[in-house]
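What follows is a single structure, written as structure tokens, with notes after it.
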Amino acid sequence: MRIGAYVLPGDLTWLEATLRASYPAVDELVVPYPEDGLGWSGRPVPARECLEVVRAVDTRGVLRVVPGTWRDVADPLRGETAQRQAALDAFSGDVDWVLQLDGDELLPRPEPLLAALRTAQVHGCDAVEWPMRVLYRRTRHGYLEVTTAAGTPAYEYPGPVAVRRGTRLASARRTDGRHLRVLVHGDTASPAVRRPAEPGEVRVLGARPQDAIVHNSWARTLGHVRAKVRGWGHARDFAAGRYLWLVWWPSPVAWRVQRDVHPLFGAVWPRLRPVTEAEVLPARQAAPPGDPTALAETEAPRA
């Protein structure tokens, strides 16, 4: 089984660490590169810097750069989908599956996910969803992590992290076809698990807690969070300034009473809890090099 992977060059936060973690399993690597240096919402993105990181990690020369423009100010999510599809379409016929991990999603070990790809083939699935733990806020002693209503680790599934070559994307990295959702052993409380399975969704137990992807969703400096929400595919779907000021910014002191903190679908992130770096990051990936989330926060967000 030959594996491809693509990297969206718009987020430097954990890019080097996340790519190094999955790179040994990859046979082909694609970067859909925005020639105009702009993201989906028309804001500048660090595309050149991201490409330099990818080239430094690619010691086997398996990288292919696909130039294009995917700015779509009227519908950033449509631009995101188009950029991802351009990457998928660039892989050779030798590739069987394509990883579509974002630069802020750290896969501790690729082997369990690769095993799930074989399970997906048995079930006739063209896409695989893998559990993610979500880091919400950087603190002086670690992170705030999203939890279930009971305070246990919550696992979410924001879309397939692997698809068969030739797959057509419906929205961002989501597909309309049959997909495999791999659940974590012992997890019965995550909102994504408590909901009934969607049409075409096949659920199997197959991941341990330590196998889950660690998603540095919002655990960044204020400047990085602002850049994220301005260039996000959902940039037009919520009042970013209000959310940052009333929910995200006070969370280091208000986390005990905060509930339903997801910026778009509140109840998807029921609660928060403090965790140390050692609790959420695998030992070999602790403190990713150049991690800007470790910088001190000194400025309050503007509404």
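Some points to look at:
- Among beta bridges identified by DSSP and lying wholly in the chain, the antiparallel ones come to about 45 percent.
- This model, with +1 at the C-beta of Lys and Arg and -1 at the C-beta of Asp and Glu, gives the stretch 8-154 a dipole about its Cα centre of some 520 debye.
- The charge dipole of the chain, taken about its Cα centre with unit charges on the Cβ of Lys, Arg, Asp and Glu (plus for the first two, minus for the last two), comes to roughly 660 debye.
- Within the listed set LEU222, LEU144, LEU246, the Gaussian network model of the chain (springs between alpha-carbon atoms below 10 Å) gives the highest mean-square fluctuation for LEU246.
- Close amide-amide hydrogen proximity is noted between LEU183 and VAL204, LEU205, GLY206, ALA207, each under 5 Å apart and 5 or more residues distant or on a separate chain (H modeled in the peptide plane; Pro and chain starts excluded).
- Fully extending the segment from ASP96 to LEU63 would add 10.2 nm, taking 0.36 nm per residue of separation and subtracting the current Cα-Cα distance.
- For the chain, the carbon plus sulfur part of the accessible surface works out to 52%, probe radius 1.4 Å.
- Ratio Rg/Rh [Cα only; Rh per Kirkwood] for the chain: 0.93
- The chain: calculated mean residue ellipticity at 222 nm from DSSP helix runs of at least 4, using -39500 (n - 2.57): -6000 deg cm²/dmol
- Cα point-scatterer Debye curve for the stretch 1-121, base-10 log of I(q)/I(0) at q = 0.15, 0.17, 0.19, 0.21 Å⁻¹: -0.65, -0.83, -1.02, -1.21
- Electrostatic dipole magnitude of the stretch 141-235 [Cβ: Lys, Arg +1; Asp, Glu -1; Cα centre; debye, to 20]: 420 debye
- Other residues whose C-beta falls under 10 angstrom from the C-beta of PRO158 contribute a net charge of -2, scoring Lys and Arg +1 and Asp and Glu -1.
- Computed over protein heavy atoms with a 1.4 Å probe, the accessible surface of the stretch 172-266 works out to 49 Å² per residue.
- For the stretch 145-229, average projected area of the Cα convex hull in nm²: 7.1 nm²
- Candidates GLU145, GLU105, GLU279, ranked by Gaussian network fluctuation over the chain, Cα under 10 Å, top entry: GLU279
- Computed E for ARG140/ARG259 - FRET, C-beta separation, R0 22 angstrom, nearest 0.05: 0.40
- Expressed to the nearest 5 percent, the antiparallel share of DSSP beta bridges inside the stretch 116-274 is 50 percent.
- Nearest-10 value in Å² for the accessible area of THR276, using the 1.4 Å probe: 60 Å²
- The residues packed around MET1, meaning those with a beta-carbon under 13 Å from its beta-carbon, carry a net charge of -1 if Lys and Arg are +1 and Asp and Glu are -1.
- Neighbour cut-off at most 10 other Cβ (10 Å), DSSP loop, chymotrypsin sites (Phe, Trp or Tyr not before Pro), the stretch 189-288: PHE265
- Alpha-carbon Debye profile of the stretch 55-103, log10 I(q)/I(0) at 0.29, 0.30, 0.31 Å⁻¹: -1.23, -1.24, -1.26
The values are calculated or read from the model by the stated rules, or taken from the named source; none is laboratory data. Computed from a prediction, not measured in an experiment: that's the story for all the values here. Neighbour counts run over all protein chains shown; Cβ positions are idealised from the backbone, glycine included. Only protein heavy atoms, including side chains, enter the accessible area calculation; ligands, DNA and RNA are left aside. Shrake-Rupley method; radii C 1.70, N 1.55, O 1.52, S 1.80 Å.
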